[in-house]
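Let me begin by presenting the structure, written as structure tokens, before commenting on it.
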Amino acid sequence: MRIVELIIDEEAELYGIDAISLVDRPAIELDFIALKEQRVQFAEVDADKRVLIGPALVPDKPIFRKNGEDEFYVYFSKKTVRKASELYLKHGNQAKHTLEHEHQIHGLTVVESWIVENKEQDKSHLYDLDVPVGTWMVAVKVDNEAIWQEWVKEGKVKGFSIEGYFVDKMKKNAEDEMLAELAKAIVKTDKRTKSGTRVVMESYGDYPEAVRNNAKRGIELNEKNGNKCATQTGKVRAQQLAQGEPLSLETVKRMASYLARAEEYYEEGDSTSCGYISYLLWGGKAAKRWAESKLKEELMSELEKEFSPKVQD
């Protein structure tokens, strides 16, 4: 069975940890503990603290995943775990939590976050949590009465599970290499000058109307959601597409790369999902098909030129 290393792609519209979920069966197979007792002994928990401590992400631990018929394992390196913990705080997601990855819940806040540097001297050791060096630990304050009484104390949830956006390291590297080679192959030149080769910048404005409509729809939905979705680059891209502006070859490459990687986060029809809105801002599935076909056309054109018989004067 294949093993996939997941990494953070900061060039994507969505990346890093978006929320921490309370779950019955955490994928990392390590429960949290509730202060001050050990191992989820909720009947005698200090009611004033209501703090849960546990690992949010463990490095180098294979986690089983199934996508349809495809079964595989994923893991995160220590570097990625640390980066994910930093971005989680940097993006201000401390109060973003869900229940069993299905329901958004309020009244929970990450009040402590740290990376285990030394097992014996780390705070996790005080609570009999055996985690490896490099683990991302969190302490979550639960002010939501219903969650504490009905889910935590009743033992219906036993650990943390992250929600976020990562990419397959090997797949991303392969895509980056392919796009780099593609860029070399389809650079256009017109004539020699004294200083060398003058490059003619190509632009493309023949994308279908569906691309423009998707971008307009994304802009509309983002405005309804307080413009909280997408980076500034994505928002600018949406304006370009909505207005039918021609795109440079570099932009077409970025569109193809982003839309290919982000497709798995595209929850069609969910008008409040940032994955859905961001995908529309970049033109949606219509833009993905167009960008990929445009790159293939350009590549084939250059290959034909490269291998066509040369006529001698």
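Every number in this text was worked out from the coordinates using simple rules, so none of it is lab data. What you see is a predicted model, and the numbers here were worked out from it, not measured in a lab. Backbone-built Cβ (ideal geometry, glycine too); neighbour counts: all protein chains shown.
Observations
- Extreme residue, nearest to VAL58 (Cα to Cα), among residues of the range 72-103 that are in contact (Cβ under 8 Å) with a residue 60 or more places away in the chain and among the polar types (S, T, N, Q): SER77
- In the range 214-268, the residues that are of a type in the set (Ser, Thr, Tyr) and surrounded by 14 or more Cβ atoms within 10 Å (Cβ to Cβ): THR231, THR233, THR251, SER257, TYR258, TYR265, TYR266
- Any pair with Cβ under 8 angstrom, 6 or more apart, that starts in the range 50-64 at a residue that is over 12 Å from GLY134 (Cβ atoms) and ends at one that is part of a strand (DSSP E or B) and of a type in the set (D, E, K, R): ARG50/LYS141; VAL51/LYS141; ILE53/GLU112; PHE64/GLU71
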